[in-house]
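**Q** The structure is given below, and queries will be raised subsequently.
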Amino acid sequence: MKFIKKPVAMSIAGLDPSGGAGLIADIKTFLANGIYGMGAVTCVTAQNTIKVSSVNPVEPAVLEDEIITAVEDIKPNALKIGMIGNADLIKVVHSCLSKIDAPVILDPVMISSSGTPLLEKDAISELKKLIPGISLLTPNFPEAKFLSGSDLDDPAELARIIGEKYGTSVLVKGGHLSSPDDLLFYNGSIKKYPGLHIENPNTHGTGCTLSSAIAANLAKGYNLPDSIRFAKEYVTTIISAGLDLGQGSGPMDHGAAIKGDFTE
């Protein structure tokens with residue numbers, strides 16, 4: 001038998017049992033993008049396409065054990081961080097990152113796209129301490145405004161302000177704006193990634209999926225601009241597949257581009 005090696009990415013995120021977002025969506029994204037996926041659960045949620053019934057953070061010692069035990073055996077080539085949950089868990093993640101040599105994508109689950117706060121103030125201050133050490137931050141528009149401290153409505157300028165403030169690359173997602181373009185601040189300049197407006201309300205987990213697809217491409221050795229470009233093409237493909245599940249904003253078809261003997 002011929003043995004093979006594959007690039008590896010790890011997701012540190014919450015568990016959405018409906019599978020549209022969070023850790024389950026990340027693992028499906030890793031698989032669909034040709035890499036091996038690992039995961040550490042930060043919070044166990046009870047949710048579906050129309051509601052979130054509960055959010056239950058794991059114990060900090062449990063999260064630390066999850067991460068360190070996994071990576072001491074299988075070394076990840078990239079990390080994606082999503083919903084962490086509270087300040088104590090963010091401290092654990094921060095500590096663990098110092099022991100892992102890999103690019104890190106942080107999707108800061110701070111504020112919903114409608115503007116609803118999702119983290120307490122002490123957790124937000126801890127999350128900000130993570131940002132200078134990561135490779136890419138992927139805020140939505142409300143999160144970008146908050147992190148920039150600016151009243152500007154220009155996503156490109158918000159990306160620049162955040163990037164210069166924290167010393168990292170920033171991709172401001174435009175999916176919930178009138179223009180679906182994403183704006184990247186990278187190496188001191190702005191790059192625009194044009195987006196398509198797709199007539200499909202089933203887009204639950206888009207932010208989680210985009211950030212994990214970027215991590216997958218980084219794990220494969222692509223540079224950051226190309227990793228984002230390929231990730232956006234992937235997300236466009238799985239939204240365009242038109243999966244329709246659930247009574248609310250349903251999940252995307254993460255495996256839409258996978259073809260083989262066992263998919264039919």
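**Q** I need the per residue convex hull volume for the stretch 45-117, using only the alpha carbons, in cubic angstrom as a whole number.
**A** Numbers: hull volume 8.6 nm³, N = 73.
Expressed per residue, the convex hull around the Cα atoms of the stretch 45-117 is 117 Å³.
**Q** Which order do 254, 197, 94, 204 take when ranked by solvent-accessible area (1.4 Å probe, heavy atoms of all protein chains), largest first?
**A** The ranking, largest first, comes out as 197, 94, 204, 254.
**Q** Take the alpha carbon atoms of the stretch 15-58, find their center, do the same for the stretch 86-109, and report the distance between the two centers in whole angstrom.
**A** Using only Cα atoms, the two centres lie 17 Å from each other.
**Q** So for the pair residue 88, residue 153, with labels modelled 7 Å out along Cα→Cβ, what separation do we get in nm?
**A** My value for the distance between the label points is 4.2 nm.
**Q** Quick one: if the Förster radius is 41 Å, what FRET efficiency do residue 187 and residue 240 give, using the C-beta to C-beta distance and rounding to 0.05?
**A** 0.85
**Q** Right, another one. Probe radius 1.4 Å, ligands and nucleic acids left out: which of 74, 50 has the largest accessible area, and how do the rest follow? Intermediate results must be reported in sequence, preceding the final value.
**A** Working: 74 60, 50 105 Å².
Ranked from most to least accessible, the order is 50, 74.
**Q** Right, another one. Of (i) 57, 43, 40; (ii) 61, 39, 34; (iii) 50, 40, 37, which one was derived for Cα extents along the principal axes in Å from the structure shown?
**A** Looking at Cα extents along the principal axes in Å for this model, the match is (i).
**Q** Between residue 31 and residue 1, 0.36 nm times their residue separation minus their Cα-Cα distance comes to what?
**A** Using 0.36 nm per residue and subtracting the Cα-Cα distance, I get 8.6 nm.
**Q** Going through the cross-link list 91/191; 121/191; 5/192; 91/165, which pairs have a Cα-Cα distance over 27 Å in this structure?
**A** Too far apart for the 27 Å limit: 91/191; 121/191; 5/192.
**Q** Test of understanding: what is the full-extension gain from residue 199 to residue 247, defined as 0.36 nm times their sequence separation minus their Cα-Cα distance?
**A** 15.6 nm
**Q** Additional query: Using a 1.4 Å probe, how large is the accessible area of residue 193, given in Å² and rounded to the nearest 10?
**A** 10 Å²
**Q** Which aspartates and glutamates does residue 75 reach when only Cα atoms under 20 Å apart count, and residues fewer than 8 places away in its own chain are ignored?
**A** 26, 64, 65, 66, 101
**Q** Do the alpha carbons of any pairs in 51/220; 173/259; 28/232 sit beyond 25 Å of each other, and which pairs?
**A** With Cα atoms farther than 25 Å apart: 51/220; 173/259.
**Q** In nm, to one decimal, how far is the residue 46 label point from the residue 74 one, both placed 7 Å along Cα→Cβ?
**A** 3.0 nm
**Q** For the chain, with every protein chain kept in place, what is the accessible area per residue (1.4 Å probe, Å²)? Present the calculation step by step, with values, prior to reporting the outcome.
**A** Details: 12650 Å² over 264 residues.
For the chain, the solvent-accessible area averages 48 Å² per residue.
**Q** Within the chain, what's the longest stretch lacking trypsin sites (Lys or Arg not before Pro) that sit in DSSP loops with no more than 14 other Cβ atoms inside 10 Å? Don't jump to the answer; show the numbers that get you there.
**A** Working: sites that count: 2, 5, 51, 99, 259.
In the chain, the maximal stretch lacking such sites is 100-258.
**Q** While we're here: What is the percent carbon and sulfur in the accessible area of the chain, measuring with a 1.4 Å probe over the protein chains and ignoring ligands?
**A** Percent of accessible area from carbon and sulfur atoms in the chain: 54.
**Q** When the helices in the chain are scored as -39500 (n - 2.57) per DSSP H run of 4 or longer and the sum is shared across all residues, what 222 nm value do you end up with, to the nearest 500 deg cm²/dmol?
**A** When only DSSP H runs of four or more count, the value is -11000 deg cm²/dmol.
The values are calculated or read from the model by the stated rules, or taken from the named source; none is laboratory data. Just so you know, these numbers come straight off a predicted model, no measurement behind them. Don't worry about glycine lacking a Cβ; one is built from the backbone with ideal geometry, like all the others, and counts go over all protein chains shown. Ligands, DNA and RNA are excluded from the accessible area calculation, which covers all protein heavy atoms including side chains. Shrake-Rupley method; radii C 1.70, N 1.55, O 1.52, S 1.80 Å.
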